[in-house]
Amino acid sequence: MAETLRLANAEQVRQAVAWALAAGEPLEVVGGGSKPGLGRPVSARHRLDLGHLATIVSYEPEELVLTAGAGARLCDIHEALAARDQELAFEPPDLAPLLGGPPDAATIGGILACNLSGPRRIKAGAARDHFIGVKGVSGRGEAFKSGGRVVKNVTGYDMSKLLAGSHGTLAALTEVSVRVLPAAEATRTLLLLGLDDDAAVAALGRAARTPFEASGLAHLPAEVAALSSVPEVAAHRGAVTAIRLEGPRESVADRAQSLAREFSDLPSASLDREASRALWAEVRDAAPFAAWPDRVVWRLAVPPAAGAETVARIKAQVGCTALYDWAGGLIWLALDRGIEAAAESVRAGLGAPGGHALLVRARADVRRRVPVFQPQAPALAALSARIKDGFDPKRILNPGRMYEGV
Amino acid sequence: MRMPEPDAAVIGRKPAIVAALSAIVPGEGVIADEDALKPYECDGLSAYRQPPLAVVLPETADQVARLLKLCDSQGINVVPRGAGTSLSGGALPLADGVLLGLGKFNRILDIDYANRCVVAQPGVTNLAITQAVEEEGYYYAPDPSSQISCTIGGNVAENSGGVHCLKYGLTTNNLLGLEMVLMNGEVVRLGGKHLDAEGYDILGLVTGSEGLLGVITEVTVRILRRPPAARALLIGFSTNESAGQCVAKVIGAGIIPGGMEMMDRPAIHAAEDFCHPGYPLDVEALLIVELDGTQAEVAELIERVRAIAEATGAVSVRASESEAERQRFWAGRKAAFPAVGRISPDYYCMDGTIPRGRLAEVLARMQELSREHGLRVANVFHAGDGNLHPLILYDANVGGELEKAEEMGAAILKLCVEVGGVLTGEHGVGVEKRDLMGVMFNDTDLDHQQRVKCAFDPAGRLNPGKMFPILHRCAELGRVHVHRGRLPFPDLPRF
C-alpha cells in the first residue's frame, strides 16, 4: 500500500524529494487526485501529495495575474476570479466525472501539469499559454523557479511550457502564476441541427473562417447529443453542431445575427445563457462519456479539417462514438463496449494529416501494456529522455507516467 | 561584456574548415573572405561587432544537418542567423565560429485555409506571411516593429511580440509546428497542424531559446481572420500617473484592446517632429488604444474607453474617423525609434517588463537615473502588457558615453526586476542582458536551464556566450548531489 507524504509547504516538498532521491524511492506526484488513471501507472511506494499547498498567494485583477500554491483547488480559483468578473480563459476541464475522481478536487497545478484546455482553446490558447511563472522541485531535490508574474517575458528558456503537460515527470510544482482575463459579458450559442460528421466539421470550419471569432466549435453526433443533460440539446433527437460567441453584449448580438445569416441554409436553433453554459461545460469535460464508465476513451488532436475523416478511418476498423471539439481538431472517442484499447487502429486512423492520440481512460493493466501517449520518432524520444535526465536523472518523479523509462 | 575566449586552434584550421563547409554547400554558399564577412559582423545591437570565422548559407534541411554534424564532430561553434535584426546580440558572431545564415530558406511552402495555418521556411519575413494571406482576409498576428525584415525563424528563436500581443499573443501562442535540426545533425519535427504536444512541449521550450537549442528549418503558424473593423483612440494626459491609471481602468473594465501603447513627453515630441502624426504637444503622456472586432463592437468599446479616459482626467481624446487617420495615429509610434535617432547621435533601446501598476513609479525613478547619469531618456511603452522600451540617448563619439548608457540601462533593468518585473519582454537576453541573469535567477535556477541546453547540445557548440553568464560543462551539471537518506520530518502526517 502506498504511503502518502502530505506536504505543507515548498520546503517540505524539497526535503521529501531529496529524501526520495537519497533513498532511491520513486514518488507518485498527486495534486487533488481528480484524474485517477490518467497516464501510465506509476510503480511507487510513496505518494507526494501537493494538495495542501492550496493558498491563493496573490491575485491582482488589474495586472491580470494570479499566483497560487500548486494544490490550490480550481473551484476556489474560479470563485475568486468570478468575484472580479475574470476567469481562466483556457477553460480548464474537470475530468473527474470521466475518470472517476472526487468532485471539486482538481487543482491548478494538476491542470497545468496535464496541459488540459477546454473549448475556448481555439481562441484563447491552451493552459500552457496562460502559465507564466513557476516554482518547483526537480527530481534532483532542488527548488528552482522560472518565468515571473508578467505575461511578456522572454528572460531565459520558457520552462513553464516544458513543465506544462509534463505530468509531474520533471518537477513537483509548488507555486504557479497564471494569466487571467476578463470574463465575457455575454454568451450565445448557435446550434446547427442534424448534420452528419462530415457536414458538421465542414460547417465548423466555415464558422472558423468567418471574422466572428467563435470561442467554441463543437459537434455532438446524435447518440452523444442524446446523452446531454441540456434539454434543448437532447430534445432535437439528432446531431447538434454548436457555435459559441462570447464578448460584449452588443457585439455578441451583432455577430449572432451575422452568423445566423451565414448559416441560413441549415436548420438551426440557439441557446441562451444558462443552457449555453451547461452545454459547453459538457463538451469541455467530455461529460457524455462519463455515462459509459466501462468504455475505453481516447483523446485525439488532429488538424481540424481532418476531424471527420480521421474518425471515419478509425470507425472502419473499430466501433466507436466520437465527440468533436476545437472545430474538429479535438476528438473524444469512446470505443464500443468490450474493446480493450485498439491502440494500433486508433493511431493508424490519424493517417497522413497527423496528430496524436492519448489513451485517457482504460484499465490499469491495459495502460501498462499499451502506449498511453503517442509514441514519438526515435530522435524526439531520445531528446525527451535527455530532458528528463536533466531534471530527474534517478527517475524519482512519476517515473514512466508518460513513456517507459522517462 | 566578454565573449568566450576564441579557440586559436580552430581559427588556425580555417582553410580546412572552409573546404569542409564548401563540400556540403557548394558554390557561393560559403563566405570566407574578410571583406565579404564584414556585413555579418553584427546584428541590430550594433555596439558589439565581431566578424565570424566564415559564413555558410545552406538551402536545404539536409545541408543544415550535415553542417551541424560536421561542426559538432570537429569542435566548431555555430551561430544561427535569420535577418540579423536582434536587438540583444542574439546573432553576434564568434571569431572561432561559423555563422549559419538561413536567408535562402525563403519560401512559403503551404497556405492551408481549411486548417487556418501557413507552413513557411524560416527565412520568410514576418510581414511576408501576412502578405501571402491578406487577400483572403487573413493575417499573422505577432507584428514586431522590424516585421518588414525580421524572419519567422528569428521570431521563433526570440519569441517576438509586437504591439498586438496583449490580445493576440506572442510568437509562442501563434506557433503550431517546427522542423528543427539538433547540433548532432538529427532532424526532429515538433507539432504540426494540430494543437498541443503529444509529449513534452518541446515546441514551447524551443520558442524563445535564442538559437541555443537547434536550428529551425520549417515553421507552421496559425493565421487569423482580420477583424472587420479597427479604430484607435489618441488620449493625452498631463501626468504619467493618470495615463497609468487609465490603462489599469480599461483592463479593470474587462476590455482587452487590440493594442495599448504609451509614449512619454520626449518620445511624443520626437515622433511629432519626425513624421507629424498630429500628436498633442502639451501633454506629458500619450496613449494609443486600438479596439478591433465587428463594427458594432468597436463603436461600443470606443465609447467605453473614451468615458474611462475622460473620467481619469484625460486632457485630450480623439477617435480615428477613418482608416487613414488610424494609420496616422500609429505612424508616430511605429517611427518612434528612428524619430529618437534623429534627436540624438545614438540611442540604446531597453526592453524590461513591469507590473502595469508600477508604471508611474518606475518612470519617476527612471527620471532620477537619467539625472544621475546625465543622459536623456525617451519612453515608448507597450502599456497593455507592461513592456517598457526606454531609449537612452547618448553619443558614442563622446568618450565613456556608451559605457554610461549601458550602466544606466542595467540600472533600469534591475529596477524592473525590483518592482516585480523581468529583464526582457521581447528582445531576448542575448549577449546584452546575459550578465544580468543573476538579478532574476539564482545558480540553481540557471543550472536547471543549462541542463535543458545539455539535452540538446551537450558540447555547447550552438550559440555559446549568449543567455548564460557562466558556462558550465554538462558533465559537471549532470552530477547528482545526494545529501542525506533520512526523511527529515518525522512528524509529517503520513497516510
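Annotations
- For region A:364-387, a residue qualifies if it is more than 22 Å from the chain's Cα centre (by Cα) and within 10 Å of another protein chain (Cβ to nearest Cβ), and the qualifying residues are A:Ala377, A:Pro378, A:Ala379, A:Leu380, A:Ala381, A:Ala382, A:Leu383, A:Ala385, A:Arg386, A:Ile387.
- When region A:211-233 is filtered for residues that are farther than 16 Å from A:Ser270 by Cβ and either more than 14 Å from chain B (Cβ to nearest Cβ) or in contact with a Leu (Cβ under 7 Å, 6 or more places away or on another chain) (or both), the ones remaining, listed by number, are A:His219, A:Pro221, A:Ala222, A:Glu223, A:Val224, A:Ala226, A:Leu227, A:Ser229.
- Restricting attention to region B:444-469, the residues that are more than 10 Å from chain A (Cβ to nearest Cβ) and on the phi < 0 side of the Ramachandran plot total 7.
- Residue check for A:Gly328: buried (at least 24 other Cβ atoms within 10 Å of the Cβ), under 24 Å from the mean Cα position of the chain (by Cα) and of a type outside the set (A, V, I, L, M, F, W, C): yes
- Conditions (1) without any contact (Cβ under 8 Å) to a residue 24 or more places away in the chain; (2) crowded, with 23+ Cβ neighbours inside 10 Å: number failed by B:Leu127: (2)
- Subset of region B:326-362 that is of a type in the set (D, E, K, R) and over 24 Å from B:Ser316 (Cα atoms) - its residue that is farthest from the chain's Cα centre (by Cα): B:Arg342
- Sole residue being within 20 Å of B:Glu368 (Cα to Cα), surrounded by 23 or more Cβ atoms within 10 Å (Cβ to Cβ) and small (Gly, Ala, Ser), chosen from B:Ala383, B:Ala410, B:Ala405: B:Ala405
- A search for C-beta distances below 6 Å between a residue of region A:273-296 that is at pLDDT 95 or above and any residue that is of a type in the set (D, E, K, R) and assigned to a loop (DSSP other than H, G, I, E, B), counting only pairs 6+ apart in sequence or on different chains, returns A:Arg284/A:Glu91; A:Asp285/A:Asp94; A:Arg295/A:Arg337.
- The residue that is nearest to A:Asn115 (Cα to Cα), counting only those in region B:151-162 that are of a type outside the set (S, T, N, Q) and buried (at least 24 other Cβ atoms within 10 Å of the Cβ), is B:Val156.
- Between A:Glu79, A:Glu62, the distinction of being in a helix (DSSP H, G or I), free of Cβ contacts under 8 Å to residues at least 60 places away in the same chain and touching a helix residue (DSSP H, G or I) at 6+ places or on another chain (Cβ under 6 Å) belongs to A:Glu62 only.
- Restricted to region B:125-178, the set of helices (runs of 4 or more DSSP H) holding at least 2 residues that are of a type in the set (S, T, N, Q) comprises B:126-133.
- Sole exception among (1) under 29 Å from A:Ala342 (Cβ atoms); (2) free of Cβ contacts under 8 Å to residues at least 12 places away in the same chain for A:Glu250, by number: (1)
- Where helices (runs of 4 or more DSSP H) fall wholly inside region B:180-293, the ranges with 1 or more residues that are touching a helix residue (DSSP H, G or I) at 6+ places or on another chain (Cβ under 9 Å) and either closer than 30 Å to B:Arg461 by Cα or within 14 Å of another protein chain (Cβ to nearest Cβ) (or both) are B:202-206, B:240-252.
- Strands (runs of 3 or more DSSP E) wholly inside region A:126-208 that include at least 3 residues being more than 7 Å from chain B (Cβ to nearest Cβ) and at pLDDT 95 or above: A:131-138, A:171-179, A:186-193
- Number of positions in region B:97-118 that are surrounded by 20 or more Cβ atoms within 10 Å (Cβ to Cβ) and more than 30 Å from B:Ala8 (Cα to Cα): 5
- Against the test of being surrounded by fewer than 21 Cβ atoms within 10 Å (Cβ to Cβ) and at pLDDT below 95, the options B:Glu321, B:Glu297, B:Glu272, B:Glu241 yield a single qualifying residue, B:Glu241.
- Checked against the criterion of being surrounded by 15 or more Cβ atoms within 10 Å (Cβ to Cβ) and more than 20 Å from the chain's Cα centre (by Cα), region A:278-299 has no qualifying residue.
- In region A:254-272, residue farthest from B:Glu303 (Cα to Cα) [restricted to those that are facing chain B (nearest Cβ under 8 Å) and in contact (Cβ under 8 Å) with a residue 12 or more places away in the chain]: A:Ser258
- Any hit, region A:341-353, residues being crowded, with 21+ Cβ neighbours inside 10 Å and within 30 Å of B:Leu213 (Cα to Cα): yes
- Qualifying residue in region B:391-411 (condition: touching a residue at least 60 places away in the same chain (Cβ under 8 Å), among the small types (Gly, Ala, Ser) and more than 8 Å from chain A (Cβ to nearest Cβ)): yes
- Meets criteria (under 23 Å from the mean Cα position of the chain (by Cα) and away from chain B (no Cβ under 14 Å)) for A:Gly109: yes
The values are calculated or read from the model by the stated rules, or taken from the named source; none is laboratory data. Because the structure is a prediction, the values reported are computed rather than measured. Virtual Cβ from ideal backbone geometry, glycine too; neighbours counted across all protein chains shown.
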